[in-house]
Amino acid sequence: MSCSDDDDNTTDVNTGTADLYATSHTDGNVTKYNLLTNETTLYTTTATDAEGIYYAPEDDSFTIASRGATQTSLQTYISISDIVSATGSLNVDITGPAALQSPRDLAVSGNFYVVADNTTNNNRLFVFERTNSGFTLSRTLNVDFPLWGIEFVNNDLYAVVDTTNELAVFSNFLSSNTSDAAITASKRVVVEGIVRTHGLDFDGDTMVMTDIAQAANTAAGFDTDGAIHVITNFSSKFNAVANGGTLALTDQIRIAGASTLLGNPVNVVYDADADAVYVAELANGGGRVLAFTSVSSNTSGTATPVVNNMLSGVSSLYLYKN
């Protein structure tokens, strides 16, 4: 139970805050699960579809990447904790430039909000800077592979290579790419055992990646063929693989099988303190938020989720702890 993206302010979950935020394709709303009290809050937003979310404690806000024909921007909602009822309606406080086409994930480093955007003809990383007055589009970076999940690990930006089983990294991402450009990953590796990857999260030198396998609902077993891959001691393992090489399945823990309810796990959050993984599962049952515990101490095989919350169209997760 730790915050995604930067993952360096985790504390004991028995006190303070431990909130899991989830977005949805179905209606653009945000669901908050209080992991300490088991209370749930539904925030209705002005978005109709969202994928990618980040919570900022400085102004008690969450920012989502809004999708749709007329909604192509970051949206920020401030002072969300003022709502104490189970359901609350929010008006957007900050709207970013209308630059997005098909956002897939959001990663944050300081004041910079990076959106992975994946369309048929364009694969781009939009870098927005948040100031007191709102968002400005700092630079647009064209990438030579289809994007999905992205994650900051210190100054490096890791990105999954959609439609493949590869993981890429852009070293010193912000300082190395200061203006509009076409960029190439510093390194790409094959993650053995994955069919098609989507989500990733890093905490405590463990990287968790997801495998959605068959994405289309026309494929038999598409809603039960997913998996999560847990890679402990990630830094040394990844650094030991040459560019274009393979990270062996023997260096990973693969959790899969019908009992996991994993079909299309599109997004994931890992908490090193609790050794728990939270998964946005899109295909099985129309959408679920799942949780698995003791993941780094397990051997590869099947598992049963300890949390199984139905959430139609779930698309992304963010876990904030304090």
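For the range 165-286, carbon and sulfur atoms together expose 47% of the accessible surface, with a 1.4 angstrom probe and every protein chain in place. Full extension of the chain segment joining SER297 with SER235 gains 20.5 nm, where the gain is 0.36 nm per residue of separation less the Cα-Cα distance. Each other residue within a Cβ distance under 11 Å of ALA256 adds +1 if Lys or Arg and -1 if Asp or Glu, for a net charge of -1.
Heavy-atom accessible area with a 1.4 Å probe sorts HIS198, HIS25, largest first, into HIS25, HIS198.
Here is how the number arises for the chain: DSSP H runs of 4 or more residues each give -39500 (n - 2.57), the sum is divided by the residue count, and the result at 222 nm is -500 deg cm²/dmol. Protein heavy-atom accessible surface, 1.4 Å probe, per residue over the range 199-313: 36 Å². Probing with 1.4 Å while keeping every protein chain in the model, the per residue accessible area of the range 19-166 equals 38 Å².
Let me test this: with uniform point scatterers at the alpha carbons of the range 211-316, what is the Debye-based log₁₀ I(q)/I(0) at q = 0.10, 0.11 1/Å? After summing over all Cα pairs, the log10 values are -0.29, -0.35. Say R0 is 45 Å: what FRET efficiency, to the nearest 0.05, do ASN132 and THR304 get from their beta-carbon distance? Given R0 = 45 Å and the Cβ-Cβ separation, E is 0.45. Comparing ASN91, ASN267, ASN29 in a Gaussian network model of the chain where C-alpha atoms under 10 Å apart are linked, the largest mean-square fluctuation is found at ASN91.
Annotation: lysines with alpha-carbon distance below 17 angstrom to LYS187 (same-chain offsets under eight excluded): LYS237. Remark: the chain carries a charge dipole of roughly 660 debye about the Cα centre, counting +1 on each Lys and Arg Cβ and -1 on each Asp and Glu Cβ.
Of the residues LEU35, LEU262, LEU282, the one that moves most in a GNM of the chain with alpha-carbon contacts below 10 Å is LEU35. Other residues within the sphere of radius under 10 Å centred on the Cβ of LEU200, judged by their own Cβ, net out at -3 (K and R +1, D and E -1).
Dimensions of the chain based on its C-alpha atoms, expressed as ranges along the principal axes with the largest first, amount to 48, 45, 42 Å.
Distance between the modelled labels on ALA248 and THR163, one decimal in nanometres: 3.1 nm (7 Å Cα→Cβ projection). Determine the sum of side-chain charges near ILE64: Lys and Arg each +1, Asp and Glu each -1, restricted to other residues whose C-beta is under 13 angstrom from that of ILE64. The answer is -2.
List the lysines whose Cα lies under 29 Å from the Cα of LYS32, skipping any in the same chain that are fewer than 8 positions away. Counting by Cα, and skipping residues close in sequence, LYS32 has these lysines nearby: LYS321.
Using the Cβ-Cβ distance between ALA216 and THR120 with R0 set to 25 Å, the FRET efficiency works out to roughly 0.95.
Database remark: amide H of VAL153 closer than 5 angstrom to the amide H of TYR158 (H placed geometrically; neighbours at sequence offset of 5 or more, or on other chains; Pro and chain starts carry no H). Of SER236, SER102, SER133, which is the most mobile in a GNM of the chain whose springs link Cα atoms less than 10 angstrom apart? Comparing SER236, SER102, SER133 in the GNM, the peak value goes to SER133.
The values are calculated or read from the model by the stated rules, or taken from the named source; none is laboratory data. Because the structure is predicted, anything quoted here is derived from the model rather than measured. No Cβ is skipped: glycine too gets one built from the backbone with ideal geometry, and neighbour counts run over all protein chains shown. Accessible surface areas use protein heavy atoms only, side chains included; no ligands, DNA or RNA. Shrake-Rupley method; radii C 1.70, N 1.55, O 1.52, S 1.80 Å.
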